[in-house]
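The values are calculated or read from the model by the stated rules, or taken from the named source; none is laboratory data. Treat the numbers as computed from the prediction; the structure is a model and nothing was measured. Cβ sites come from the backbone with ideal geometry, for glycine too, and all protein chains shown count toward neighbours. To get the accessible areas, we keep the full protein, side chains included, count just its heavy atoms, and leave off ligands, DNA and RNA. Shrake-Rupley method; radii C 1.70, N 1.55, O 1.52, S 1.80 Å.
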Amino acid sequence: MAKEGSGSILQFAPFQSSVDEGFWHRLSSLKLNKFGIDDSPIPISGFFAPCSHPQVSNYLTLLAESLPSDSNEESSIPAFNRGNRNRCSVPGILYNTNTMESFHGLDKQGLLKAEAKKIWEDIHSGKVLEDSAVLSRFLLISFADLKKWSFHYWFAFPALILDPPATLVDLRPASQWFTLEEAESVSTACNEWRNSSVTADVPFILVSVGSDSRAAVRHLKDWETCQDDGQKLLFAFYDPCHLPNNPGWALRNFLAFICARWNLKTVHFLCYRENRGFADLSLSLVGEALITISQGWREHQCVPNAVGWELNKGRKVPRCINLAKSMDPTRLAISAADLNLKLMRWRALPSLNLDILFSIKCLLLGAGTLGCQVARMLMAWGVRKITLVDNGRVAMSNPLRQSLYTLDDCLSGGDFKATAAVRSLQRIFPAVVAEGVVMAIPMPGHPVSSQEENSVLEDCRRLNDLIGSHDVIFLLTDTRESRWLPTLLCANTNKITITAALGFDSFLVMRHGPGPFNSTPDLKVEMPNSLSAVMDNLALTNTDGKQRLGCYFCNDVVAPTDSTSNRTLDQQCTVTRPGLAPIASALAVELLVGILHHPYGIFAEAEIANSNNGGSSELPLGILPHQIRGSLPHFQQMTLVGHSSNSCTACCCTVVSEYRKRGMQFILQAINHPTFLEDLTGLTELMRSANTFQLDWDDEIEDADDECIEL
Amino acid sequence: MMDVFNWDGTVSAKDFRIGALSFAQKWESLNSAFPPWSWVPCPKHPWLASPEVDIDQNSQTDPGEEETSCSEKEDDIDDATLVQSNHHELHYCDFHIVYSYTFRVPVLYLRAYCSDGRPLLLDEIEKELPACSSKESPETKWAFITQEEHPYLKRPWYKLHPCGTSEFMKLLFLGGDTGQPKLEVVLELYLLSWFSAVGQVVGLRIPCKMLNDRR
C-alpha cells in the first residue's frame, strides 16, 4: 500500500533511436540541393509505435519522410498521412552543422534547455491537450560529411526532471491489476482506439473503467469529464519499451504535465503495449507513482532542468554511420559494373576469369579511332588498368570517330589526346586506373639528326619501360613503321601483343605469336600470376620444332604474292569507313579475352573458323584465331593463320638477338638507315631473287611487289 | 487459352496483382504470428509496388560502428534514468515483392539493418541466410543476390535476380508427377509457389496452413 517514502525511485527506460538510411539520403540531397551552407535548425518528425514484441523494444525512428521534401527529388513515395497506427508522429528539431568542429562545438546543454523550455511552455499553454505528442519532442544534432558519406549524429530526448524524483509505489502487468472483465473491456476499447485512423496515433490518453467494468478511452482534454467517483482513471501512453519492470521514457514528461497541470500527487499510469497489433495487457504495465511538486513548478517562468542525451552503448558519445557503399556514386558504379560481369559468369560463362580481367594492365599505343574504342571495350570487360600513348592533339574532326573526345577537348588548339582520353575514361568509370603518356614512337626509315638522337633514345627507353610494366600491348597506330619498334620489344619479352590495322574498307586484327626466345628473366615478374604459372609449363613448346605464330611484319614477308590484301592495309591513310574502327577494336578486345582464357595464352595455336578440330574449339569463349581479316564491302570476315618468318624484320631470331646484344644502338641504326634491317635479315637477298622473276609477270603485280619492299 | 505445356514460366502484371492481393490476404488470415504483407500502390511508376514485411532476426552478433569522439563533461544521467548494460544487437529485414516487367515474374527485394538503422552489407546478410550456412558459394543455380536500385524507393536494395525464375517456375509445375495441371490453377498458385521457393533462400518459410488452403 502507498506510504510516504516507501517506494523506490521510478526509473524510466530511455528512448532508443533508429535512423533509416533513407533519412540520410534525403538529408544529403537537401544539403546539396536546397540548404547549401545554411545551418538553421530544421523541423523534423520522428515516428514511434507502442511496443509490439515481448522481447524487443520499439524505437524512435527517423525516415526519409521525417525531413521536409526535397523539391528536386521526384516524390515517388506517397505523402505521409496522419493516423498511421505504426507511425505516431513526434515533433523534433535538427541542427545540422557544416563542419566536424562546429558539430562538437554545439552548446548541447543550451540546446537541450531550449527544447525543454518548449515542452514546458506547451504544458502550460494547453498545447499538450490539443496535440499530446509534443510531450515527446526531441532534438537531433548532426554533421553530414558528404565527401566520405559518413554521418555523425546525436539524439536527445528531453525529459523534465522532477525534483525530488517520482517514487514508484507499485508496478505490475495490467492483466494483474484489472479484473478479468475489466481487462477484456480495456483491450477492446484500446483496440478500437488504435484501429481508428482519427485516434490511432494519439500517444497520450486517458483510460477510465467504470464500476460496471466497462472501459473507455478518451483524449486528455476530456479529463474534467472523467472525474466521477467509482471510476478508475489511468493515465495511459504508448510505450515502446518492452521491459517488465520499467516504463518508457515518455512517461517522464507525462508525469511532469500531469502534476503541473492538474496538481495530482498520486498518479496511476498505464504503459500501453501491444503484441502483433493487438493490445497486450500482460505486456502492458500499470503502476502507481508518487510525485512531490517542488516550489519552482508553480512558477511558470522557471523551466525545470532536463536530461536526455542518448548514450551510445553506454558512453556519452555521438554515433556515426558510414553509408559510402550505398551512397558514393563511384562505389555504386563499381558494384554495378562488377554485377554485370558476374551475371555474365553466372548465366552464360561460368569459366569467366574476372580476376585476371580486373588485374591485367593494358598498354594502348595510339589514342585515335582504334585506341578510343579499344579502351572502352576493355573497360566493358572489367579491365581497370589502361595506359594510352599518343603524341597528338585532339583535332576538330576527331570527336566524330574517336569515341572518347568531345568538342571541348578540341578547343584552344586541342588537348593532348593521351590526357583527354584518360579524363574521358575517368568520367565514364571513376574507378579506372588510367594513365596518359604524350610521346612519339620512334620509327625505322625516318632518320633523325644528331641533336634529336638523345631524345629519340629516351623515347625508346621509355617505350621499353612501358612495355615492360604492362601485360598486354595493343598496336593501334596509323602507320606501319610505328608498329615496328613495339613489335620488336614485345617479341623480346613475350608480351601479349594485339595489332589492329585499318584500310579504307577492310581491317586486320591479329595477335602476335610469342617471340623467338621463350625464357626471359623479367617474364615472371611482369606477368600476372596465372599467366606466369602457365609460362613455366611451356618453356619447351617452341623448341620442339613447331613454328610459332607470326607477328604483323611476318605476314608481309611471307606473302609477296598476296598483293591485293596487302595493298589495302595500312597505307598511311587515315580515311576509312567509320564502321571499321569499332568493329576492329571490338574484335581486338574479344581476341584478348580469348587469349586470357586460353590455357596456353600467348602460346596458343591458331584456330580457324569452321574447322573440325574437336578439342580446343570447346573452349567456352570459342575458337582463338591468329588473324581476322574483314571486308566491309562483302560484309565478310575470315580467320587466317600466318607463321613466323625467319626473315621477319621485327621478330625473327636474328633481329631480336641483335637487339639483345646491342640494345639502343641497334634501334638507332634501324631508325637511321632504311636498308639496315633488310640487309640484316637477308630480306634484301630475298627481294633480289624475287625481282628476277618479275620480268615474266604482269604490270599489275609488279606494282604490288614494289610495295612489298617498303617498310 | 494457352495450355500449360507451352507456358513459359512467367505471369502477367494483372495476374501478379490478383495473386499478390490474395497472397497477402491469406497470409494475414492464416499466419497471424508473422507481420502482415501490405500492398503499396505506386501511381506514378509503371512498376507495381510491393508488399512489405518486417521480420525480426535475433542474432547475437557484435555491435556495429565504433564511434571515436570526445565525451561530454556534463552529467547527463539522473537517478531516474535506467541504464542497461546488456545490449543484444538485433537485425531487421524488410522484404518487398515487386513485379518485373522485363522478366514478367515477381522479384524478391530485401534489405537488412541493425536496430539503430545502420544498413547491413551483403556479406553480413549472407552469413545469416540458410542457403549460405554451408561452405558453398552463395551463388547457387537459382539464387543470385545482387545489389540494385529499388525501382520504387530509388535506393540500393538487394534482390534475388529474376533471370532464373521462369525456369524454375516451369519446373515446379511441370516437373512433378501429379499430371498436367490447368493453367488457371497454375496462375492462381503462382505467387504461393514462387514464394515457397525463393523464401527458402532468405529464411522465410510459408506455414503449412497456407499451402494447404486451396480456397
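Model label points for A:HIS446 and A:CYS226, set 7 angstrom from Cα along the Cα-to-Cβ axis, are 9.4 nm apart. Interface A-B: total buried accessible area of about 4700 Å², 1.4 Å probe, protein heavy atoms only. Multiplying the residue separation of A:ASN195 and A:HIS634 by 0.36 nm and subtracting their alpha-carbon distance yields 150.5 nm.
Here the gap between A:ARG315 and A:SER412, fully extended at 0.36 nm per residue and compared with their Cα-Cα distance, gives a gain of 29.0 nm. Coupling constants for segment A:416-433 follow from the phi torsions by the Karplus curve (6.51 cos²θ - 1.76 cosθ + 1.60, θ = phi - 60°), and in residue order they are 5, 4, 4, 6, 5, 5, 4, 4, 5, 4, 5, 6, 6, 9, x, 7, 5, 9 Hz; glycine and proline get x. Take the Cβ atoms of A:LEU349 and A:ARG261, set R0 to 56 Å, and the FRET efficiency comes out at 0.15. Taking a spot 7 Å from the Cα of A:ALA333 along the direction of its beta carbon, which residues of segment A:423-458 have an amide N less than 13 Å from it? In segment A:423-458, the label zone of A:ALA333 (backbone N under 13 Å from the point 7 Å along Cα→Cβ) covers A:423-434. Extension gain for A:ALA609-A:LYS661 works out to 14.7 nm (0.36 nm per residue, less the C-alpha to C-alpha distance).
As a length-normalised measure over Cα pairs under 8 Å and 6 or more apart, the relative contact order of segment A:195-301 settles at 21 percent.
In this structure, A:TYR600 and A:THR654 have a Cβ-Cβ separation that, at R0 = 22 Å, corresponds to a calculated FRET efficiency of about 0.30. Among A:LYS31/A:LYS313; A:LYS232/A:LYS265; A:LYS147/A:LYS325, which pairs are too far apart, with a Cα-Cα distance over 19 Å? Pairs exceeding the cut-off: A:LYS31/A:LYS313. Using a simple spin-label model with pseudo-atoms 7 Å out from Cα toward Cβ, A:HIS300 and A:ASP212 lie 4.0 nm apart.
Ligands, DNA and RNA excluded, the heavy atoms of B:GLU128 present near 60 Å² of accessible surface to a 1.4 Å solvent probe. Over all distinct Cα-Cα pairs of segment A:121-180, the Kirkwood formula returns a hydrodynamic radius of 16.0 Å. Given in Å, the Rg to one decimal and the Dmax to the nearest whole number for the Cα atoms of segment A:457-516 are 11.8, 37.
In segment A:368-444, Cα pairs under 8 Å separated by at least six residues give a relative contact order of 38 percent.
At a Förster radius of 22 Å, what calculated FRET efficiency corresponds to the Cβ-Cβ distance of B:ALA197 and B:GLU126, to the nearest 0.05? My answer for the efficiency is 0.75. Measuring heavy-atom accessible area with a 1.4 angstrom probe and counting protein chains only, the residues of segment A:252-282 that give up at least 30 Å² relative to the chain alone are A:ARG252, A:ARG276.
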